[in-house]
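Note sheet for the following structure.
Please treat every number below as a calculation from the coordinates, not as lab data. As the structure is a computational prediction, the values presented were derived from the model and not from experiment. Note that each Cβ is placed from the backbone with ideal geometry, even for glycine, and that neighbours are counted across all protein chains shown.
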Amino acid sequence: MADIFDSYTTADAWDEMFERPGVVRPAYEAVFAALSPLDSLELRYRTDQMARAFTDRGVTYSYGGEERPFPLDLVPRLLDAVEWDRLSRGVRQRVLALEAFLADAYGRQRVFADGVVPYRLLYSSPHFHRAAHGIEPPNGVRVHVSGIDLVRDEEGRFRVLEDNVRVPSGVSYVIENRRVMTRTFPALFAEQPVRPVDEYPQRLLAALKACAPEGVTDPVVVVLTPGVANAAYFEHALLARLMGVQLVEGRDLVCSGNKVRMRTTRGETPVHVIYRRLDDDFLDPLHFRPDSLIGVPGIMSAAHAGNVTLANAVGNGIADDKLLYTYVPDLIRYYLAEEPLLPNVETIRPEEPGRLEEVLDQLDRLVLKPVDGAGGKGIVIGPRAERDALDRLAEEVKADPRGWIAQRPVALSTSPTLSRRGDGQDGLAPRHIDLRPFAVHDGSDVWLVPGGLTRVALGEGNLIVNSSQGGGSKDTWVLAPDAPPSRTTGERSTAVSEVSPRQFGPGGTSTPGGPAQEEAQQQ
Amino acid sequence: MAGRLRIRHETRVGYPSPAGSSYNEVRMSPLTLPTQTVLDSRLDVAPAASLWTYWDYWGTQVTVFDLTDSHTSLSLTATSLVETAPPTPLPTPLDRAEIAARSADSRLTEYLSATPRTTVSPDLAAQACAAADGLDAHQTAAALTDLVRERVSYTQGTTGVHSGAQDAWDQRAGVCQDFAHLTAALLRAAGIPTRYVSGYLHPSPDAELDRPVAGESHAWVEYWAGEWIGQDPTNGTRPGESHVIVARGREYGDVPPHKGVYRGAPGELPQVRVEFTRLA
């Protein structure tokens, strides 16, 4: 066994690369063979190269007030074709069930009348926007883009950790990671066919055009950003540029007579589809926060009148409430008459009769999550929490059982990751990872970018994958079954980015000890 | 015996410096219901704007318009012609237990939870429950209305559009909006689904025919006792042929007669004038 894999021991979790110490899983054989001859100095050198490329392109995040490159580990995360097929069918199923739920919740509300989901879940959700009632998406799509967070459990089984159907971010990492990996480490790609990810912007654009208001044959699409101060501004700018559409802020759009126009140097031009990376609350001061200066007054009315389509739809937050998450398997059975292909993590709802006591009795053995916590905020891992933290938690849960779910702790799977070892030398060590596949729904198909964003917790034993907690990411490969072996992955020949470096990264915070999920629900 | 009323609701806002790009929603069109028929309803806006109408989540007719040119004043004139009916006899209410069972997991649930303006202290909620103990739904509505009317006096100027039920209770003063919020809060605390009603009340039911009299927009509540029953806590009466229903929601925030945002310096307080004419 080569130097860098020396003393690689698998932890009490599923390891992505090794079946057991010294035995490489088949999908990883080529990568293992390519990496093994390298020494740790070379790995470090290439990692630093990638970091410099990120700094140069502005793929950075703010860490203690300092702009740092988002750490990209050079050992890729692999999914073989069979596994990816299974996983993507599971994600597709889930997205379709959530679409059906949203259409129902903002329509006839059958799912509640039929007793599958309690009414109070809807009425008590701060994201149930009654102002969105009556807005009919032209092609029926509300979840144009979603990020379904998955983890692989101890048995190697993928489970859904949470759904993000509002403004999921992170796809720019997927694109940038692949770009820099192919430049820095072309040899790694030489031995096997890896499915490209650069199709994403065109798929997204096609889906956005497909949801244009009826009768518009050549729709104008824009990306609406909260502005340069937003943590994901780089992503907004990147997607607009790769799609070849305008990046606008609220002040660039003006509504009149229920139509939306964009101010340009050549006057005002019509806009038909808005890929908005702005939270509902800030979208239209007439309907939501009146103090929002980054929104567009009148935009809800224009959407209501059917003259503009907002993607994702307003009010989707009722579907990624973590309490609703617990009902998603039921929703799949109810709407699709199918069994869920991807299980949830086992979850208890403290708000149900009798379950609160059950949760309180074993707080030290459960993971408690606020139903509305973005960026992993407020998550407490019982087994790792101090006694007084658990006592405080017990009080909070007792005061608001609707506000929490309880899950069994899942040991996220591990992947070999370049780390500083105890002896001061660099080497590969197991680090916990998750996966956020991105799905684009165009009304006829739910398409997944092959792979998605793999986040890695860089500290030993750490389960937190947030960049704000020292997390990084990995290039995620889906191996193609049929493609020619020498084919390299998608690299777009685009001009050098004119985007200046700025804060970029999962803006979420998390409490120590949680497998915190960045959500970066913007603003 | 039906009444026929013409209502003219004028709102005028002046801006000390010109306002630009103004976006507005108006909820002033009365509903056609078994108890009232709208014969005519219109909204005039000055400066002129093109109007668009939709029905919102609560079933209210909403008129939307925007003004993109700068303007120094905005005036809205909503006129309607409505036939109203006297109150029907009170039906036998469902038992409180049956009401609780039917509203536990149904659309009625929405009218049981507190909203920003209908949130009261746990003490006050407990007081409402105690006052309702052993009473049927109608008696509960009457008892809680009395509780509100004993505590709160009708006084203009002590509360504002953003005030809530607890504010009015603490200040012992309020206007119809506060009476309605407070009564709704207490009825909900007692487990009876209650909605907030926005509308108009003719101030003098026996006014001379064809002569306009000044009045105001009004708010009251409806509680669910097997069906929705009106209750006017400000006046301690059941709504009848002098009441005209425009909108129903959980609270004022769901049914504001006019809301708007515009670019510019703060305007003057709106001048509102409501005029009623009995036609039959």
Check: Cβ under 15 Å from A:His287's Cβ, A:His287 left aside: what net charge do those residues give with Lys, Arg +1 and Asp, Glu -1?
Finding: -4
Note to self: Once the cut-off is 33 Å, how many percent of the Cα-Cα pairs in chain B end up in the long-distance tail?
What the structure shows: 23
Notebook entry, point to check: What is the antiparallel percent of DSSP beta bridges lying wholly in chain B, to the nearest 5?
Noted result: 95
Check: If r is the Cβ-Cβ distance from A:Arg183 to A:Arg89 and R0 is 51 Å, what FRET efficiency results, to the nearest 0.05?
Finding: 0.95
Next item on the list: Take the alpha-carbon centre of the stretch A:341-387, take the same for the stretch B:73-99, and report the distance between them in whole Å.
Entry: 46
Notebook entry, point to check: Per 10 Å bin, what percent of the C-alpha pairs of the stretch B:96-254 does each bin hold, from zero upward?
Noted result: 11, 43, 34, 10, 2
Notebook entry, point to check: Which whole-number percent is the relative contact order of chain A (Cα, under 8 Å, 6+ apart)?
Noted result: 26
Margin query: Please enumerate, by chain and number, the lysines with C-alpha under 16 Å from the C-alpha of A:Lys398, excluding those fewer than 8 residues away in the same chain.
Written below: A:Lys369
Next item on the list: Would you mind ranking A:Glu351, A:Glu358, B:Glu251 by Cβ crowding within 10 Å, fewest neighbours first?
Entry: A:Glu358, A:Glu351, B:Glu251
Item checked: Cα→Cβ-extended label distance, 7 Å offset, between A:Gln425 and B:Ser153, nm -> 8.8
Item checked: Anchor A:Lys259: lysines whose Cα lies under 18 Å away (excluding residues fewer than 8 positions away in-chain) -> A:Lys209
Check: Given only helices, namely DSSP H runs of n ≥ 4 each adding -39500 (n - 2.57), what is the per-residue ellipticity at 222 nm of chain A, to the nearest 500 deg cm²/dmol?
Finding: -7500 deg cm²/dmol
Next item on the list: Putting +1 on Lys and Arg Cβ atoms and -1 on Asp and Glu Cβ atoms, find which of A:Ile148, A:Leu418, B:Pro47 reaches farthest to the positive end of the dipole of the protein assembly as shown.
Entry: B:Pro47
Check: Considering only the stretch B:96-254, what is the antiparallel percent among its DSSP beta bridges, to the nearest 5?
Finding: 90
Checklist line | Exposure proxy ranking, count of Cβ atoms within 10 Å, fewest first, for A:Cys255, B:Cys176 | finding: B:Cys176, A:Cys255
Checklist line | Test item: Cα-centred dipole of chain A, Lys/Arg +1 and Asp/Glu -1 on Cβ, debye | finding: 1220
Notebook entry, point to check: Which three lengths, in whole Å and largest first, does chain A cover when its Cα atoms are put on their principal axes?
Noted result: 69, 61, 45
Checklist line | Per-pair calculated FRET efficiency, R0 = 45 Å: A:Gln49 and A:Asp114 via Cβ, rounded to 0.05 | finding: 0.20
Check: On average over all directions, what projected area in square nanometres does the stretch B:175-268 have, based on the convex hull of its Cα atoms?
Finding: 8.1
Note to self: Starting from a Cα-only point model with no solvent, please compute log10 I(q)/I(0) by Debye for the stretch A:206-276 at q = 0.15, 0.19, 0.26 1/Å.
What the structure shows: -0.49, -0.78, -1.27
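About its Cα centre, what dipole magnitude does the stretch A:93-134 give when the only charges are +1 on Lys and Arg Cβ and -1 on Asp and Glu Cβ, stated in debye to the nearest 20? Each step should come with its number before you reach the end.
On the way: 5 positive and 3 negative charges, 18 e Å.
It works out to roughly 80 debye.
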Margin query: Sequence gap at least 6, Cα distance under 8 Å: using those rules, report the relative contact order of the stretch B:96-254 to the nearest whole percent.
Written below: 26
Notebook entry, point to check: What's the average, rounded to a whole number, of partner chain beta-carbon atoms within 10 Å of each residue's beta-carbon in A:131-137?
Noted result: 2
Checklist line | DSSP-defined beta bridges in chain A - what % are antiparallel, rounded to 5 | finding: 70
Next item on the list: Arrange A:Trp84, B:Trp52, A:Trp477 by Cβ neighbour counts within 10 Å, fewest through most, would you?
Entry: B:Trp52, A:Trp84, A:Trp477
Item checked: Unit charges on C-beta of K, R, D, E only; dipole of chain B, Debye -> 300
Check: What is the spin-label model distance, in nm, from A:Glu67 to B:Ala280 if the labels are put 7 Å beyond Cα along the C-beta direction?
Finding: 7.4
